[in-house]
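Scroll down for the structure; my scribbles are underneath it.
The values are calculated or read from the model by the stated rules, or taken from the named source; none is laboratory data. Quantities reported herein were computed from a predicted structural model and do not represent experimental measurements. As a convention, Cβ positions derive from the backbone with ideal geometry for all residues, glycine included, and neighbour counts pool all protein chains shown.
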Amino acid sequence: MLHSSPGKFLAAALLLLQFASCRTSTPVATPSPETAPPPIDLPAPAAQEAAGLEARLQNYQKTPTRLHDLVHTRLQVSFDWQKQHVKGTATLELRPWFYPQQTLVLDAKGFDIHSVQLLEGSSHKPLKYEYDGLKLNIALGREYSRDEAYFVEIEYTAKPNEQPAGGSEAITSDKGLYFINPLGTEPGKPRQIWTQGETEANSKWFPTIDAPNQKTTQEIYITVDNRYKTLSNGILVQSSLVNDSTRTDYWRMDKPHAPYLFMLAIGDFAVVEESWNGLPVEYWVEPQYERYAKAIFGNTPEMLTYFSDLLDYPYPWSKYAQVVVRDYVSGAMENTTASLFMEELQVDDRSLLDENWDYIIAHELFHQWFGDLVTTESWSNLTLNEAFASYSEYLWSEYKWGEDAAAETLLKEGDAYFREAAEKQVDLIRFYYDDKEDMFDSHTYAKGSRILHMLRKYVGDEAFFTALHRFLKKHEYQPVEVHDLRLAFEEVTGEDLNWFFNQWFLASGHPVLQVDHRWEGGNVVVQVEQQQDLSTTPLYELPLYVDVVAGGQKTRYAIRIDKQQQEFSFPASQQPQLVVFDAEEQLLAEISHTKSAEELRNQYRLAENFISRYKALAQLTEEGSPETLQLMKAALADTSSYMRRTALAAFEEYEGADSQQVYSQLAKMAASDKNSLVRADAMSILAASAPNAYKELFRKGLEDRSYAVVTAAVYGYALSDATDIDQVLRSVETITEGDVPLALAEYYVGSGQTNRYDWFVSQLPRQKGINAYYFLNTFGQYLMAAPQEQVVQGAQLLEKLALSHAKYYVRMAAFNALAIQASLPERETLLRKIAEQEQDPRLKREYQNFF
């Protein structure tokens, strides 16, 4: 699974702050997955240690005990759109795992159970059962041994929409099955049904043993209206007409997989078909995006080839489909043979100029091996699924776009982990947690990915991928734990790797290193001190390389840090121009290594590793010396767009004597750089620094194919002294993609316009993901100055969104927008109504703070 995270282009970020100064109030709350918990009073150290030990013992999360083997699952389902119910019959084949059993306990959350029967040949024998709304406890009538299979049939009605709301930052809802626009009352929104099983939510629409260490084959018969297509795991075997308006589709999955990976999707989809090695490869999108489906997903066949070859393990399933749905509760989900994606992937070809979706497509595809073929046995071991999927983003980028582009992925993964590590540091393999949803964090994903990269660098590429192949072959169609991975690497390398796995997978924290170097007596002396808290964090064993550049010649030295303080000496006949600690930039650590501006400039010029060069450039952006500014000007022509964007930051609000020359160079970049985000960034800096001088550039930028450039051009032209701003900006009012609507909305609010209500209302349903949050916030500010009639009409729209929108942060934004309408009659009564009806615990807490 890949959970979504908000992200805005730099072009918008630079200037949103300027328009924000026109605002008269701030939102009540903002969606932040990094919100710190309230402070608590800690007990004295001894009592704290005892309380912590007791809490850990109580919260130990063991792997589910396998009393039964769920061999096969056969489902027959149909749907009541009006009531949002699932009518189902589940036939389960089971056998005791080892010990004899005479009872069966199934997960079945929020069902009406109509019958439970034992199937013996053609006979149906009613079974006694007890049901508490969560667990179905069935008396089997006699004891079964592990050599005996038995079949249980359950007729039920599932009511996922009537269950208590749950969810987390990563997976915002846990209903399991979702009816989208079930009554057809939301104009412009398709009617859909789709499922989201991870972690244990599929048992809200069919009875099962909902644990990741179960593996079962699958059949599902889906009865739907003829106008809808269905998608599920495996292969569509048959479609049969029930009557003139209804059809039953029969899907079969012959290879075993975990119950949380079962899926279905129903709706009016366009299906674009390709093939790979004779297997179907399909892209399911809404009909209006059919012509863009190959542009979005078209690298999938190449990914299948690359990953199959890299792992020496061909894609193991019967097909691969990718479906985009509305109101999805996360980023994407790796259901076996059929990954499901958030609607943000449905974009046109212009959006793809700024950002392609290869990273998320690769992530879910790699899960088909790591997560689906080989599945973590418990949520404590979740990183065995997610770290590999996250690392696939690096692997694909390295293969497709080159090492520099892949290095950007490493940087982003490191940043994500260190941001979270500032708030919490927990074990990667985490046997103690309060909620399994807590496992979906940047430790599991980003830290896990970076650890795999370190392991690859340590053992070498051949050993790394040989070990992954061995791991997959040995444990195919089975659940695994972290020691299975370690043993695979030990079998290949012949080395005891407990030292690596203990410090990285089974402990908290990361190295904090103070590094210093000096040149004396014909040697470069490097001193290293591990400064992390050794009471909670390991003393690390760290193999790495040090590069010494002297006289234009680079020499690489291998060192191994295994003490708290160490000193290393390397020969150098003259003062080194550069010393690079961790020359391969593979180490996940906080490293403080003080260098002069000259050394940093040398690092940018002379270091081989992209990340070393980037770190130097980033540190120099505010240094400001003539030598550094000269280097920054040269970096504006770097072959890497990431470097060019970094260098541009040095010229924000630039007022040097040569500012006109610099701005002229930025204008050329804004007009013609081959990378659209570089063009947008350059235009944003000009907009903030000299909007009047470059208004013709901004006007031309409104015609750019890139939405990021158009966004920057909107801000630039709006800040200029042009007399036709309104007329010119109307030319991009029909754009609904990218950040263009956000830029226009900020302009309309900042310029005090009160006649743009219809435009705001037309754009509202077209905003996707986190953009809907920002757009609603700005709409609320617009209404503050709007005529009272618009305030009342807008409040009705906001009330509906605050009460019923699928995304919690959209409901929050609508609440915020209502909260700032001082002229709205009975505003507090309305807000209390919304707060009382809200079920999401995150919003309930936020709303309580408001009153």
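Total residues in the stretch 652-669 satisfying the condition of being modelled with pLDDT under 95 and under 35 Å from the mean Cα position of the chain (by Cα): the figure is 2.
Condition check: touching a residue at least 24 places away in the same chain (Cβ under 8 Å), farther than 19 Å from residue 793 by Cα and in contact with a Gly (Cβ under 8 Å, 6 or more places away or on another chain). Does residue 722 satisfy that? Considered against the rule, which asks whether it is touching a residue at least 24 places away in the same chain (Cβ under 8 Å), farther than 19 Å from residue 793 by Cα and in contact with a Gly (Cβ under 8 Å, 6 or more places away or on another chain), residue 722 comes out as no. Can you work out which of the residues in the stretch 385-423 that are in contact with a His (Cβ under 8 Å, 6 or more places away or on another chain) and not hydrophobic (A, V, I, L, M, F, W, C) is surrounded by the fewest Cβ atoms within 10 Å (Cβ to Cβ)? Of everything passing the filter in the stretch 385-423, 420 is surrounded by the fewest Cβ atoms within 10 Å (Cβ to Cβ).
Scan the stretch 571-598 residue by residue and report those that are buried (at least 18 other Cβ atoms within 10 Å of the Cβ) and not in a loop (DSSP other than H, G, I, E, B). Matches in the stretch 571-598: 578, 579, 580, 581.
Only a single criterion out of (1) at negative phi; (2) in a loop (DSSP other than H, G, I, E, B) is not satisfied by residue 327, namely (1). Filter the stretch 733-750 down to residues that are in contact (Cβ under 8 Å) with a residue 40 or more places away in the chain and outside any helix (DSSP H, G or I) and give me whichever is surrounded by the fewest Cβ atoms within 10 Å (Cβ to Cβ). Checked the stretch 733-750; the qualifying residue surrounded by the fewest Cβ atoms within 10 Å (Cβ to Cβ) is 737.
For (1) in contact (Cβ under 8 Å) with a residue 12 or more places away in the chain; (2) crowded, with 18+ Cβ neighbours inside 10 Å, each residue gets a yes or a no:
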residue	(1), (2)
248	yes, no
263	yes, yes
283	yes, yes
288	no, no
292	yes, yes
303	yes, yes
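Pairing each residue of the stretch 517-545 that is in a loop (DSSP other than H, G, I, E, B) with any residue that is aromatic (Phe, Trp, Tyr), provided the two are 6+ apart or on different chains, yields C-beta distances under 7 Å for 541/499.
Considering the conditions (1) in a helix (DSSP H, G or I); (2) buried (at least 20 other Cβ atoms within 10 Å of the Cβ), residue 727 is excluded by exactly one of them, (2).
Go over the candidates 242, 237, 272 one by one and state the one that is among the hydrophobic types (A, V, I, L, M, F, W, C) and within 29 Å of the chain's Cα centre (by Cα).
Working: 242 fails: within 29 Å of the chain's Cα centre (by Cα); 237 fails: within 29 Å of the chain's Cα centre (by Cα).
Matching residue, one of 242, 237, 272: 272.
Filtering the stretch 774-784 for residues that are assigned to a helix (DSSP H, G or I), buried (at least 24 other Cβ atoms within 10 Å of the Cβ), of a type in the set (A, V, I, L, M) and outside the structural domain of residue 815 (by TED's automatic domain parsing) leaves an empty set.
For the stretch 789-813, give me each residue that is hydroxyl-bearing (Ser, Thr, Tyr) and touching a Gly at 6+ places or on another chain (Cβ under 8 Å). Walk me through it before giving the result.
First, the residues of the stretch 789-813 that are hydroxyl-bearing (Ser, Thr, Tyr): 804, 808-809.
Answer for the stretch 789-813, where residues must be hydroxyl-bearing (Ser, Thr, Tyr) and touching a Gly at 6+ places or on another chain (Cβ under 8 Å): just 808.
Could you list, in sequence order, all residues of the stretch 310-346 that are in contact with a Phe, Trp or Tyr (Cβ under 6 Å, 6 or more places away or on another chain) and within 21 Å of residue 768 (Cβ to Cβ)? Residues satisfying the conditions are 322, 323, 324, 325, 332, 342, 345, 346.
Could you tell me whether residue 82 is over 24 Å from residue 257 (Cα atoms), surrounded by fewer than 14 Cβ atoms within 10 Å (Cβ to Cβ) and touching an Asp or Glu at 6+ places or on another chain (Cβ under 6 Å)? No; evaluated as a whole, the condition is false for this residue.
Just checking, does the stretch 554-572 include any residue being under 22 Å from residue 631 (Cα atoms) and in contact (Cβ under 8 Å) with a residue 12 or more places away in the chain? Yes; the residues of the stretch 554-572 include at least one that is under 22 Å from residue 631 (Cα atoms) and in contact (Cβ under 8 Å) with a residue 12 or more places away in the chain.
So, of the residues in the stretch 152-177 that are of a type in the set (A, V, I, L, M, F, W, C) and touching a strand residue (DSSP E or B) at 6+ places or on another chain (Cβ under 7 Å), which turns out to be nearest to residue 124 (Cα to Cα)? Ranking the candidates gives 152 first. Of all residues in the stretch 168-189, one or more are within 25 Å of the chain's Cα centre (by Cα), surrounded by fewer than 22 Cβ atoms within 10 Å (Cβ to Cβ) and either without any contact (Cβ under 8 Å) to a residue 24 or more places away in the chain or assigned to a strand (DSSP E or B) (or both). Each residue in the stretch 477-510 was checked for being in contact with a strand residue (DSSP E or B) (Cβ under 6 Å, 6 or more places away or on another chain) and surrounded by fewer than 17 Cβ atoms within 10 Å (Cβ to Cβ), and 1 pass. Residues that are charged (D, E, K, R) and touching a strand residue (DSSP E or B) at 6+ places or on another chain (Cβ under 8 Å) within the stretch 178-189 comprise just one, 189.
Listed here are the strands (runs of 3 or more DSSP E) enclosed by the stretch 56-131 that have at least 3 residues being hydrophobic (A, V, I, L, M, F, W, C) and in the same structural domain as residue 191 (by TED's automatic domain parsing): 68-80, 85-96, 101-107, 111-120.
For beta carbons closer than 6 Å, sequence separation of 6+ or different chains, a first residue in the stretch 702-714 that is more than 14 Å from residue 686 (Cβ to Cβ) and a second that is aromatic (Phe, Trp, Tyr) and part of a loop (DSSP other than H, G, I, E, B), the qualifying pairs are 708/9. Residue check: residue 460 meets all listed conditions (1) surrounded by fewer than 23 Cβ atoms within 10 Å (Cβ to Cβ); (2) assigned by TED's automatic domain parsing to the domain that holds residue 339 but one, namely (2). For residue 243, the conditions (1) part of a loop (DSSP other than H, G, I, E, B); (2) surrounded by 21 or more Cβ atoms within 10 Å (Cβ to Cβ) are fulfilled apart from (2).
Given the structure, is residue 260 part of a loop (DSSP other than H, G, I, E, B) and farther than 17 Å from residue 365 by Cβ?
Working: part of a loop (DSSP other than H, G, I, E, B): no; farther than 17 Å from residue 365 by Cβ: yes.
Against the criterion (part of a loop (DSSP other than H, G, I, E, B) and farther than 17 Å from residue 365 by Cβ), residue 260 does not qualify.
I'm trying to understand the selection: among the residues of the stretch 708-739, which are within 30 Å of the chain's Cα centre (by Cα), over 17 Å from residue 670 (Cα atoms) and of a type in the set (Val, Ile, Thr)?
The first filter runs over the stretch 708-739 and keeps only residues within 30 Å of the chain's Cα centre (by Cα), leaving 708-715, 734-739.
Filter once more, so that each one left must be over 17 Å from residue 670 (Cα atoms): 734-739.
If the condition is that a residue be within 30 Å of the chain's Cα centre (by Cα), over 17 Å from residue 670 (Cα atoms) and of a type in the set (Val, Ile, Thr), then 734, 735, 736 are the ones that fit.
Number of residues in the stretch 137-160 that are over 19 Å from residue 216 (Cα atoms) and of a type in the set (A, V, I, L, M): the value is 4.
Filtering the stretch 804-839 to residues that are polar (S, T, N, Q) and either assigned to a loop (DSSP other than H, G, I, E, B) or in the same structural domain as residue 182 (by TED's automatic domain parsing) (or both) leaves 821, 823, 839.
Buried (at least 18 other Cβ atoms within 10 Å of the Cβ), touching a strand residue (DSSP E or B) at 6+ places or on another chain (Cβ under 6 Å) and not in a helix (DSSP H, G or I): does that describe residue 514? In short, no.
Name the helices (runs of 4 or more DSSP H) wholly within the stretch 604-690 that hold at least 3 residues that are among the small types (Gly, Ala, Ser) and out of contact with any strand residue (DSSP E or B) (no Cβ under 6 Å at 6 or more places or on another chain)?
659-672, 676-689
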